[in-house]
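Below is one structure, written out as structure tokens; comments come after it.
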RNA sequence: GGGGGAGUGUCCCGAGUGGCAAAGGGGGCGGACUGUAAAUCCGCUGGCUUACGCCUUCGUAGGUUCGAGUCCUACCUCCCCCA
């Protein structure tokens, strides 16, 4: 299939993970003859990683599966600076407290994909705050800064696009690249790390690290990037009305996560199966042969397998079953997202508007009114036409709940307690 | 230090130079059609309100005016030219 001889690069290439590789032949040979150590950095800009980060986590997963050692590097230090890559505007400067909270939220997800420990193939969790926070400015400039050419740095996309668009790039951010380059060298010293991976927008930063390594006397370092996770129409994946598709269960429930993937475009299903699940390629090949409405089978498998990766098999199966009952049987699945209200709220009658706001299906009463006008709001599967309608005990189904729906797909159960 | 330009609906881009809840896109949400798809078509896309209407919104703070996104002053931020 692929031209690579090492299992690592062969797997990555055949599943569609490779966008660019530096010196592919040399890296291929190295990965074939030895266990290599590779890292990916994750900045702590949010309390959870999102589905767009999932692909690079899978890079670490396959690295470990093919016998090598992954390092998940938390950007406790670099987040204090802020990566300008791919950003139009300066990032808000985060407080150390927020960074630390974010770090805690992000760190947990890796245990689901990697085996950490002290053994030779076990994954390592590192934090660049450990070496960046204590740097001495003048020493750093003399030891590291002298190897960087401003002329060259200005030519990198992350810098150039800002300058071209006449958007400001602060000196703080300008230094991000240098710190990331330094991380690579530091990880080489500490762990013998020779490969840095990341999404394609990280190429410039990674290559800077390789250059720095050469000047500071590390062994040859390598870069490997994967494409950004996009839909076939080119849009970045992971944005919905409700916000990003986070990986932490308390921010996006397993059911919603399942639903997100279930609604994948036809054109993306096979690609996402390769990228976001660990299903063998020949099985994916069978699913790829499905046509027309049968593609829905592949989408369900994609949703379940990918959900199982991060939320566990049981949660994935439960989400699949909830969806099956709701969409295929039209039945009321008790496992739909549920919000509880005080039973007494129903006695005087709870306005539909308030109920939908409470359920989080709409953002305001006005929003609810508009949706009612557009025919998008249903109670117990009956379209609501009167915005003054009140919900009372008489609307309770035999199961003791009231089903609120926005559109065909989004349902919430209102449960009096 | 001097001169010139810019900041618009908190998702984004962008028209608007005295009557504006503010054109037009994109995105998003809803409806129709389908397969919980895509494409297409239609509607919606500041808050409160049954409604008349009220409130908040065009970098920030003042001012002129019956009325300010629009004019004036100061300030903030960014860009360009000169020193």
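The values are calculated or read from the model by the stated rules, or taken from the named source; none is laboratory data. Given the structure is predicted, the values throughout are model-derived calculations rather than measurements. Reconstructed Cβ throughout: ideal geometry from the backbone, glycine too, with neighbour counts over all protein chains shown.
Restricting A:63, A:27, A:54, A:12 to those that are in a helix (DSSP H, G or I), over 20 Å from the mean Cα position of the chain (by Cα) and either in contact (Cβ under 8 Å) with a residue 40 or more places away in the chain or within 16 Å of RNA strand B (Cβ to nearest atom) (or both) reduces the list to A:27.
If I ask for residues that are surrounded by 13 or more Cβ atoms within 10 Å (Cβ to Cβ) and modelled with pLDDT of 75 or more, which ones from the range A:137-161 would you list?
Within the range A:137-161, A:140, A:141, A:143, A:144, A:145, A:147, A:148, A:153, A:156 meet the criteria.
Here residue A:330 qualifies as surrounded by fewer than 18 Cβ atoms within 10 Å (Cβ to Cβ) and over 24 Å from the mean Cα position of the chain (by Cα).
Condition test on residue A:371, is it out of contact with any helix residue (DSSP H, G or I) (no Cβ under 6 Å at 6 or more places or on another chain), under 30 Å from residue A:112 (Cα atoms) and not in a strand (DSSP E or B)? In short, no. Just one of the numbered conditions (1) more than 16 Å from RNA strand B (Cβ to nearest atom); (2) part of a helix (DSSP H, G or I); (3) over 24 Å from residue A:26 (Cβ atoms) is not true of residue A:158: (1).
Within the range A:107-136, being in a helix (DSSP H, G or I), farther than 14 Å from residue A:80 by Cα and either in contact with a helix residue (DSSP H, G or I) (Cβ under 9 Å, 6 or more places away or on another chain) or modelled with pLDDT of 95 or more (or both) holds for A:109, A:110. Considering only residues of the range A:247-283 that are surrounded by 21 or more Cβ atoms within 10 Å (Cβ to Cβ) and away from RNA strand B (no atom under 16 Å from the Cβ), which is farthest from residue A:48 (Cα to Cα)? Among them, the one singled out is A:277. Which members of the range A:326-347 meet the condition of being outside any loop (DSSP other than H, G, I, E, B) and within 20 Å of residue A:389 (Cβ to Cβ)? Answer for the range A:326-347, where residues must be outside any loop (DSSP other than H, G, I, E, B) and within 20 Å of residue A:389 (Cβ to Cβ): A:339, A:341, A:343, A:344, A:345, A:346. Residue count for the range A:305-321, restricted to those that are under 18 Å from residue A:250 (Cβ atoms) and either within 11 Å of RNA strand B (Cβ to nearest atom) or in contact with a strand residue (DSSP E or B) (Cβ under 8 Å, 6 or more places away or on another chain) (or both): 1.
For every residue, the table says whether it meets (1) free of Cβ contacts under 8 Å to residues at least 40 places away in the same chain; (2) within 13 Å of RNA strand B (Cβ to nearest atom).
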| site | (1), (2) |
| --- | --- |
| A:344 | yes, no |
| A:354 | yes, yes |
| A:371 | yes, yes |
| A:376 | yes, yes |
| A:387 | yes, yes |
| A:409 | no, yes |
| A:413 | no, no |
